[in-house]
Every structure is written in C-alpha cells, then in structure tokens.
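Peer 1: Below: one structure in structure tokens.
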Amino acid sequence: MNCSRPIQLLLKSQIVSKMIESASYTQIRCMSRVKQRHTAPRHFWMKKERAAYPEELSAENEAFLREAVEDRRASPLRQPAAAPPIPYTPGVVRTGLIARKIGVQPMWLKNGKYINATLLHVRDNHVVRYLPPELLNTNEVVQRRWKGQFRDMAGLVVGADQEDPQKFTKEYANLFLEAGIMPTRKLTRFVINPSAALSPGTVLRATHFNVGDFVDVFGKTKERGFQGVMKRWGFAGQPATHGATKTHRRPGGIGSGANKARVWPGQKMPGHMGGRYRSLRGLKILRINTKYDVIYVRGPAVPGDHNSYVLIYDTVLPLRKKKEPAKLLTPEEVADLPEDIYHPDVHQMADPSIVF
C-alpha cells in the first residue's frame with residue numbers, strides 16, 4: 001500500500017481502532033486526490049424507462065391506444081401558446097434551453113473571414129415545474145454541494161422531446177401531470193432568479209435568445225474509450241529509430257525524483273478519454289432560424305457528438321454579458337419575425353459578394 005504519511009496516521013489512530021471495536025474488516029484504497037471522472041448518476045434522477053414485455057394486445061387495442069396518445073398530444077389544451085421570451089435584465093438569471101447538436105456549417109463574415117458555426121436545434125421545449133427557493137434548497141445533497149450559495153435562487157425544470165407515455169415508468173410520467181404535457185425524453189433543471197419564473201406548460205423556442213447574444217453551452221464530450229498519451233494528452237512520442245524498441249507511442253519515464261519517490265496525483269497517463277461534462281463559454285449567436293428553431297453559434301468545438309443533447313443559457317463571463325435590458329417581444333411580434341435572423345456581420349449567401 002503506497003499511502004502518504006497523514007493517511008497512515010489516520011489508519012493507525014482512527015480506522016484501525018474502529019475496526020477492532022466493531023470486529024469488522026473494511027477495504028481501504030488509496031485513491032488520487034484529483035478525481036477526473038464522475039460516473040455516479042445525478043442525485044435527482046429516477047428510473048425513467050420501464051422494462052418492455054409482450055402485453056399481448058390485439059391490433060384493434062394497439063390502434064386505439066395509439067390514437068388516444070395522438071389525440072392527447074394534439075389537444076389544444078395540452079399545447080399552450082408560445083410565450084414571448086423573458087426580457088433580459090442585467091443581474092437576473094433566467095432559464096436556458098435544451099437543444100440537439102445537429103452539425104457544423106461554414107459561414108462567412110462581411111469582411112471575407114471564413115468561420116465555422118455549430119447548429120443547435122431547440123425542439124419541443126416545455127416548462128415542466130417551478131421550484132421555489134424553499135423547495136429547491138431542501139435537498140441534503142444540494143445543501144452539501146452548494147453550501148448556501150444559491151440560497152435565494154429558484155429552480156425551473158425544463159423538458160424536451162415528448163414521447164409516448166407507454167415507454168416510461170409511472171413515477172416518471174407523473175412528473176408531467178402539473179404541466180399537462182406528454183413525458184419528455186430529456187429533463188433538466190436550471191437555477192434561476194424567482195423574478196424569472198415561468199408557469200408549467202410554457203413553450204420555449206429559439207427566440208428566447210437574440211442574435212448577437214453570448215451564451216454558454218453545456219454538454220457531454222464524445223466517448224473515445226481507453227486511449228494512450230499521444231491521443232489523450234497530445235504527447236509527441238519517442239524516436240522511431242536509433243535504438244528505440246517498442247516505445248514509439250509510450251509516455252516514457254514518470255519518475256518525480258529521489259526526494260518525492262512517488263507519482264504525483266493527476267499525472268498524465270493512458271486512461272479513459274471523453275464522456276465528461278464540459279462547458280464552452282462565450283459563444284456568439286450568429287443566426288437564428290425561427291421556423292425550425294435552430295440557433296447558429298460561432299465555433300465548431302461544442303461538446304458532444306451529432307444528435308446529442310446540450311444546454312444553452314446566458315453566459316456567465318462578466319465581459320460578455322449584456323449591459324442593457326433586452327426588449328420584451330409580444331406573441332404577435334414573434335409571429336411576424338422573418339424566417340432567418342442574421343447578425344449584421346454575417347454575409348448572407350443571397351446578397352452579392354462583389355459590387356462594382
């Protein structure tokens with residue numbers, strides 16, 4: 001066992017004595033202080049998908065259930081009108097959106113510069129539940145992790161991609177009774193100010209943001225499996241000739257000297273790559289498609305693979321936040337918006353590129 005001296009003293013003084021008193025043996029491991037991967041599920045997750053088994057329904061019963069589900073989904077009472085976006089007020093944290101990363105597209109600025117833009121599809125976003133501050137901070141995990149820093153903040157649960165309720169468990173489907181919508185495949189929670197609260201059932205669209213705003217995108221990076229140091233950390237490798245034998249892609253020596261005589265925590269070594277939650281901050285919105293609710297953000301490095309879920313919310317960078325309040329659009333103004341809204345610096349392909 002290669003433990004440091006404080007841990008050895010702790011073993012001798014406390015853990016060993018407790019093991020002797022209780023007459024039980026516990027396995028003790030010396031783990032790195034730098035934990036890079038968190039594979040445990042979130043504390044608020046519940047079992048969502050149920051086990052599929054043959055129900056032995058007739059064709060008439062299956063058609064009746066399918067028709068009932070479609071009628072409930074298409075009911076005007078279950079689909080409230082699209083609410084106008086919340087006006088952005090400096091210092092007020094509002095909700096974000098759930099989107100899918102659908103690809104990267106090249107764009108050109110009016111000065112001739114070539115850039116890449118990532119397409120984020122905001123599809124079927126609804127407010128599921130509002131959590132007041134007194135209800136948000138009752139969870140013991142929240143109290144232990146946040147330690148009161150969000151004491152005056154509220155929560156807003158947002159869902160995306162409605163599905164057939166027969167695919168989910170009863171406990172999961174009951175979460176959507178208050179909002180009056182179908183169970184959603186994706187469910188997340190945003191921390192907001194109580195002044196930015198929305199009623200359950202409110203529809204959120206891409207017009208929640210404006211062209212020119214800076215947003216943060218949160219997602220899960222691509223899973224790449226177990227990789228070596230050259231692909232995981234960008235090592236250059238060792239010489240291919242002149243006596244090098246079977247060490248071309250290996251990291252080399254990892255010794256830290258005679259005084260330390262150990263491997264430092266967080267050493268760059270081969271291991272699992274990808275599959276970690278990351279945030280990309282300060283992305284500028286260059287274009288918004290109001291017909292299909294697609295947001296074009298600058299940059300190709302949005303975390304996640306194609307068709308993966310990401311979260312979009314106002315940036316937390318102080319120098320890229322809005323300094324003035326945003327205009328509150330009415331539902332009539334939202335309906336009168338053009339199909340594509342471009343940033344003034346973006347060159348539209350229908351415009352002439354050379355003028356004589």
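Peer 1: Out of the residues in segment 131-149 meeting the condition of being in contact with a helix residue (DSSP H, G or I) (Cβ under 9 Å, 6 or more places away or on another chain) and crowded, with 18+ Cβ neighbours inside 10 Å, tell me which one is modelled with the highest pLDDT.
Peer 2: This residue is Leu136.
Peer 1: Only one of Ile86, Ile98 is at pLDDT below 70 and buried (at least 19 other Cβ atoms within 10 Å of the Cβ); which?
Peer 2: Exactly one of Ile86, Ile98 is at pLDDT below 70 and buried (at least 19 other Cβ atoms within 10 Å of the Cβ), namely Ile86.
Peer 1: Counting just the residues of segment 224-265 that are touching a Gly at 6+ places or on another chain (Cβ under 8 Å) and in a helix (DSSP H, G or I), which one comes out surrounded by the most Cβ atoms within 10 Å (Cβ to Cβ)?
Peer 2: Arg232
Peer 1: Kindly indicate whether Val316 is within 30 Å of Leu187 (Cβ to Cβ), modelled with pLDDT of 95 or more and of a type outside the set (Lys, Arg).
Peer 2: No.
Peer 1: Is there any pair with a first residue in segment 197-223 that is at positive phi and a second that is of a type in the set (Gly, Ala, Ser) whose Cβ atoms are under 7 Å apart and which are 6 or more apart or on different chains, and what are they?
Peer 2: From segment 197-223, the pairs are Gly201/Ala179; Gly201/Gly180.
Peer 1: If you don't mind, another one. Determine if segment 290-301 includes at least one residue that is among the polar types (S, T, N, Q), in contact with a Gly (Cβ under 9 Å, 6 or more places away or on another chain) and touching a residue at least 60 places away in the same chain (Cβ under 8 Å).
Peer 2: no
Peer 1: Could you grab me the full set of residues in segment 198-209 that are part of a loop (DSSP other than H, G, I, E, B) and under 15 Å from His121 (Cα atoms)?
Peer 2: Of everything in segment 198-209, those that are part of a loop (DSSP other than H, G, I, E, B) and under 15 Å from His121 (Cα atoms) turn out to be Arg205, Phe209.
Peer 1: Residue by residue through segment 270-300, note down the ones that are touching a His at 6+ places or on another chain (Cβ under 9 Å) and surrounded by fewer than 17 Cβ atoms within 10 Å (Cβ to Cβ).
Peer 2: Arg276, Tyr277, Tyr292
Peer 1: Cβ contacts < 9 Å: first residue more than 16 Å from Gln227 (Cα to Cα), restricted to segment 260-277; second residue outside any loop (DSSP other than H, G, I, E, B), any location; separation 6+ or different chain. Result?
Peer 2: Close Cβ pairs satisfying both conditions: Tyr277/Phe218; Tyr277/Gly219; Tyr277/Lys220.
The values are calculated or read from the model by the stated rules, or taken from the named source; none is laboratory data. For clarity, every value in this text was computed on a predicted model and none was experimentally measured. Because the Cβ atoms are built from the backbone with ideal geometry, glycine has one as well, and the counts that use them run over all protein chains shown.
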